[in-house]
2 protein chains.
Amino acid sequence: MGSSEPPTVAIVRDRLRALQERLCGEFELLDGSGRFRAERWQSGSGEGDTRTLVGGSVFERGGVGYSSAHGAMLPPAATERRLELAGRPYRAIGLTLALHPRNPYVPAANLHLRFLTTEEKDPAWWFGGGFDLIPSYPFDEDVRHWHRTAQEALLPFGENLHPRFKEGCDRATFLPHRGESLGVGGIAFEDFAEGGFDRCLSLVQAVGEAFIPAYAPIVIRRREHPFGERERSFQLERRGRSVEFQLLRDRSTLFGLQSGGRTEAILMTLPPLAAWRSSASHAPGTPEARLVGEFLLPRDWLAEERVLDPRR
Amino acid sequence: MGSSEPPTVAIVRDRLRALQERLCGEFELLDGSGRFRAERWQSGSGEGDTRTLVGGSVFERGGVGYSSAHGAMLPPAATERRLELAGRPYRAIGLTLALHPRNPYVPAANLHLRFLTTEEKDPAWWFGGGFDLIPSYPFDEDVRHWHRTAQEALLPFGENLHPRFKEGCDRATFLPHRGESLGVGGIAFEDFAEGGFDRCLSLVQAVGEAFIPAYAPIVIRRREHPFGERERSFQLERRGRSVEFQLLRDRSTLFGLQSGGRTEAILMTLPPLAAWRSSASHAPGTPEARLVGEFLLPRDWLAEERVLDPRR
């Protein structure tokens, strides 16, 4: 593998590994008592380092996984928009984070960053990734803070990126069989190579780093919020939606499982506990009904913020 | 719809509806306190009657759903082995049962029966279905009883059917990404039309009726078995596998969701609560490791029984 590895792979790997360290450190600090345990693994087609925090004070479970895979033939599923690359040898590396808080007032959150390159003399490559927020009992100010932080992280790379990436996330996280979004979205990009490798790498790193100031303040604000059985039960129901999303819709999960990836590493993002109710809907006017009716649909949160506060 | 409905549809509907009544009655009796509540529904492409038992003494949740769907064009996914039928108007009716017991020593179980016909002057039709058992802490004698009852139900229709249908179930319930079976199997058949409509209908009814003597004695034997947190936790983990099976592998779930079926009716078979562990495996020698190593693989349970007791 060594000699055929394009130099870009080593550069991206170093950045993603450093980011993994930093994310684990930040969220251990935030948790207070939980520690990430590392499991390094190798398989026929790849290797990885899966870090899992179990039973923390704030996080019931957290996972921050790095993985690398290579193959002799790039599957068509990975090249939907660049079909001419199908069948070429490739190398893919990625960082995945999923956090499942205990307190139902603290939203769950996901972060993905990936790089794919074909191994030719003149390699083709692109980045993909993004982050999204999955509240059970959302607060408007948290949702606006989340989207604002994403917008600010992308601003140095051009004003047009945030609206595109936000819409990309709204599209990617919609659950057609439920007629609702998984959460309140965030940003998502795919097949991204605009402006050259250095710019794209900086953008991906900025997205990964922005996850911390986007998410941590929400955790701090809500982690002491009182809750009871009702809120816990609804949280578990919403986690059921996350399971449905991951197993039915998430392209990287399905691609990973179908291509023989390491199951434990791919499914480490699933929640520790999830529930399914037998009755479909919540009573109108309850916070649970309000989540679906007011939050789980594409909304231009930052435009609404400008209406509320024209100075922004 | 009325005038274009082939007479076979009304016949099958009556049988499946009667079977639904009987199954609900039997499992209410077995539960002792829980009652099935009916929800009748209609949608653009179908109708149904979903019956759910919640919070029973024996069953944490049970669902017995009848549904009927029709469409102008039979999707290719439903005609893998008879491609000449793709695109014809069709009608499909089905009965689905899923039982999730409280006690981890009582296995979960599924039953499916379905009928599909094209609406032409000379309609093509077939039946599909079967049942399978999903133990967390299995007993050899239960597994043998389960397979023996299935074998006996099929015997009047020919000696060759049970081995074929058992192998069909082993194949259908294998989880490649886990390298293990979902449970200990049972019987499964697809595109079945051998010997004419009357014979096939009798066979399907025999399968549906055999589910009761196959499953009920196991429930009765194990429902008082003492258990603690460890067994409950493993049960929830195994239910996680059932969720993976249903959302990743189960063709009728995926077909139903993709064709715009009623989500609540399709997903009523999901467990009320499921868990995912962060570490992959159980310590060798534990009952939990024994389940995977000794039970969750295709085994000829009835041949083993003949070795143990040559009189059979």
Would a scan of the range A:236-259 turn up a residue that is over 21 Å from A:G129 (Cα atoms), in contact (Cβ under 8 Å) with a residue 24 or more places away in the chain and of a type in the set (A, V, I, L, M, F, W, C)? yes
Pairs, please: C-beta under 6 Å, at least 6 apart or cross-chain, first residue farther than 12 Å from A:S279 by Cβ and more than 9 Å from every other protein chain (Cβ to nearest Cβ) and in the range B:49-64, second open to solvent by 20 Å² or more (accessible area, probe 1.4 Å) and in a strand (DSSP E or B)? B:D49/B:A38; B:D49/B:R40; B:R51/B:F36; B:R51/B:A38; B:V64/B:R51
Any residue in the range B:158-175 that is within 14 Å of chain A (Cβ to nearest Cβ), open to solvent by less than 40 Å² (accessible area, probe 1.4 Å) and touching a strand residue (DSSP E or B) at 6+ places or on another chain (Cβ under 9 Å)? yes
Filtered residue count, the range B:251-296, keeping only those that are more than 24 Å from A:H100 (Cβ to Cβ) and either touching a helix residue (DSSP H, G or I) at 6+ places or on another chain (Cβ under 6 Å) or within 11 Å of another protein chain (Cβ to nearest Cβ) (or both): 15
Search result, residues across the range B:212-221 that are open to solvent by 20 Å² or more (accessible area, probe 1.4 Å) and either under 16 Å from B:H177 (Cα atoms) or touching a Pro at 6+ places or on another chain (Cβ under 9 Å) (or both): none
In the range B:110-126, anything under 16 Å from the mean Cα position of the chain (by Cα), of a type outside the set (D, E, K, R) and surrounded by fewer than 23 Cβ atoms within 10 Å (Cβ to Cβ) is listed as B:H112
Inspect the range B:268-278 for any residue being surrounded by 20 or more Cβ atoms within 10 Å (Cβ to Cβ) and in a helix (DSSP H, G or I) and give the result as yes or no. yes
Take B:L247 and decide whether it is within 14 Å of chain A (Cβ to nearest Cβ) and open to solvent by less than 50 Å² (accessible area, probe 1.4 Å). yes
Among (1) more than 14 Å from chain A (Cβ to nearest Cβ); (2) among the hydroxyl-bearing types (S, T, Y); (3) open to solvent by 10 Å² or more (accessible area, probe 1.4 Å), there is one condition B:S242 misses while meeting the rest; what is its number? (1)
Tell me, which residue of the range A:176-209 that is of a type in the set (D, E) and in contact (Cβ under 8 Å) with a residue 12 or more places away in the chain is least open to solvent (accessible area, probe 1.4 Å)? A:E180
Has the range A:203-215 got at least one residue that is touching a strand residue (DSSP E or B) at 6+ places or on another chain (Cβ under 8 Å) and more than 19 Å from A:V64 (Cβ to Cβ)? yes
Pairs, please: C-beta under 6 Å, at least 6 apart or cross-chain, first residue under 11 Å from A:V207 (Cβ atoms) and in the range A:143-158, second of a type outside the set (S, T, Y) and open to solvent by 20 Å² or more (accessible area, probe 1.4 Å)? A:T149/A:P213; A:A153/A:A206
Regarding B:F227, is this residue in contact (Cβ under 8 Å) with a residue 60 or more places away in the chain, away from chain A (no Cβ under 14 Å) and over 19 Å from B:T52 (Cα atoms)? yes
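The values are calculated or read from the model by the stated rules, or taken from the named source; none is laboratory data. Note that the structure is a prediction, hence the values are computed from the model and not measured. Here the Cβ is made from the backbone with ideal geometry for all residues, glycine too, and neighbour counts use every protein chain on show. SASA here: full protein model, heavy atoms, side chains in, ligands and nucleic acids out. Shrake-Rupley method; radii C 1.70, N 1.55, O 1.52, S 1.80 Å.
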